[in-house]
Amino acid sequence: MNQSFYTVEKLNETTFRIDECGRDNCYLLLGTERALLIDCSIGTGHLPTLLLSLTKLPVTVAATHAHGDHVGAGYQFESLFVPTEEITLNFRIQNTRYYRRKLLSNTMKKAGVTKKNITGCNFRARWLPLEDGKVFDLGGRTVRAIRTPGHTAGGTVFLDETLHMLFTGDSVCPVLPMNTYRCLPLQSWLPAGERILALAKQGNAVFCGHGDGRISPELLLQQLTWVREILSQYPENAKKHSRTYYPAFSAEGCVCFDKANLY
Ligand SMILES: [Zn+2]
């Protein structure tokens with residue numbers, strides 16, 4: 001366990017972005033009675049210890065989806081809410097130490113992470129079903145879970161109805177990730193993108209699961225346009241899988257998709 005892989009950014013008096021290795025973001029929201037941790041990242045460090053330095057409130061953990069870079073540290077907590085559709089053997093296996101090391105360690109080399117830094121077995125972590133519409137009452141602050149399938153079937157965003165913040169995990173990101181494990185066909189993402197853009201236009205600040213966490217309404221609108229352009233250029237699925245960036249790779253904004261998984 002190495003606590004130095006975490007950095008904390010205070011977004012406001014009661015909200016923190018916790019960055020793990022410059023790769024993943026999870027978010028800690030404080031109410032007066034409880035705290036909510038949205039996602040728990042990979043688990044190169046001991047997250048409960050870090051949380052104790054930020055709050056003494058009891059912490060509920062809830063995940064936007066069940067990829068190993070969002071629920072990898074789940075075994076460090078008594079339980080966590082996971083979208084019901086993703087409480088499956090397949091996602092459980094993705095979260096074993098073996099797969100987290102295999103799939104994630106290479107992406108964190110620059111931060112000095114090695115396979116040995118990824119520990120703990122998530123296979124037996126207690127995953128509680130997270131249903132669409134569930135409301136977390138933190139005391140003076142309510143947060144609603146909203147399904148936005150696309151990146152995964154159970155993809156969920158969390159709307160802070162009190163402070164007007166929206167936490168999206170990978171449902172939207174500057175590099176829109178539509179070519180990872182169990183992504184739905186690209187076309188299925190459009191309603192999610194539209195819903196999130198509508199919430200952004202209503203004045204909810206959007207915070208996502210990667211990079212510095214920020215994504216603007218302008219980029220959300222651009223990504224919707226890009227996805228529609230991709231679908232009009234490729235009217236049917238290709239036979240071979242391929243990772244493709246549109247219009248080209250840019251960390252500032254693009255769509256990553258698979259020509260064999262459009263429809
Ligand atoms: Zn993901």
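The helices (runs of 4 or more DSSP H) falling completely within segment 64-175 include none with 2 or more residues that are away from the ligand (no atom under 16 Å from the Cβ) and crowded, with 24+ Cβ neighbours inside 10 Å.
Evaluation of residue 56 against the conditions (1) out of contact with any Cys (no Cβ under 6 Å at 6 or more places or on another chain); (2) over 24 Å from residue 158 (Cα atoms); (3) of a type in the set (Lys, Arg) shows that the sole unmet condition is (2). When 176, 219 are checked against the criterion of being of a type outside the set (Asp, Glu), modelled with pLDDT of 95 or more and over 16 Å from residue 64 (Cβ atoms), a single residue qualifies: 219. Can you find a residue in segment 226-237 that is within 16 Å of the ligand (Cβ to nearest atom) and either without any contact (Cβ under 8 Å) to a residue 12 or more places away in the chain or within 30 Å of residue 162 (Cβ to Cβ) (or both)? No, segment 226-237 contains no residue that is within 16 Å of the ligand (Cβ to nearest atom) and either without any contact (Cβ under 8 Å) to a residue 12 or more places away in the chain or within 30 Å of residue 162 (Cβ to Cβ) (or both). Kindly provide the set of residues from segment 53-86 that are closer than 15 Å to residue 131 by Cβ, among the β-branched types (Val, Ile, Thr) and under 11 Å from the mean Cα position of the chain (by Cα), ordered by number. Scanning segment 53-86 gives a single hit, 64.
The values are calculated or read from the model by the stated rules, or taken from the named source; none is laboratory data. All values derive from a computational prediction rather than experimental measurement. So basically every Cβ, Gly included, is an ideal-geometry build from the backbone, and we count neighbours across all protein chains shown.
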